[in-house]
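Visitor: First the structure, then my questions, so here it is.
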Amino acid sequence: MNRPLIAVFLSAFVLAASFTTTSHGQDKPRKGFLSILKEGQSVSVKDVGGRYEIIVMKDVKLGQKVIEVGSDYLVVEDAAGVTEIRIPVYSIRSIVRLKLPKD
């Protein structure tokens, strides 16, 4: 008599848990190392001692374009759109944001 009751409670729990998962459609603001980078942004990528240095300058067209920013990787494309580079976060030495002086 207890087995059917346990099965009903277990089924109800599994059913309730499947409906309470988080939505994937909501964009949450990212925090962390790659949060400065946005898709479509123009950047320059330099190889410095086996690791990459990403240079960002506001309103200046640089060599590569950011295609995708993940939680632990970055995808950039060259200016011609021929080469796509997927860079894991552990291979990034630094992200440099250059600011131009105001007149």
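Visitor: Filter the stretch 93-103 down to residues that are in contact (Cβ under 8 Å) with a residue 60 or more places away in the chain and surrounded by 13 or more Cβ atoms within 10 Å (Cβ to Cβ), then give me how many there are.
Guide: Taking the stretch 93-103 as the starting set, the residues that turn out to be in contact (Cβ under 8 Å) with a residue 60 or more places away in the chain are 95, 97.
Going one step further and asking which of them are surrounded by 13 or more Cβ atoms within 10 Å (Cβ to Cβ), we end up with 95.
Summing the residues that are in contact (Cβ under 8 Å) with a residue 60 or more places away in the chain and surrounded by 13 or more Cβ atoms within 10 Å (Cβ to Cβ) in the stretch 93-103 gives 1.
Visitor: Hey, another quick one. So Arg86 clears everything in (1) modelled with pLDDT under 90; (2) surrounded by fewer than 16 Cβ atoms within 10 Å (Cβ to Cβ) except one condition, right? Which one?
Guide: Checking Arg86 against (1) modelled with pLDDT under 90; (2) surrounded by fewer than 16 Cβ atoms within 10 Å (Cβ to Cβ), the one that fails is (1).
The values are calculated or read from the model by the stated rules, or taken from the named source; none is laboratory data. The structure presented is a predicted model; accordingly, all values stated were derived computationally and were not measured. So basically every Cβ, Gly included, is an ideal-geometry build from the backbone, and we count neighbours across all protein chains shown.
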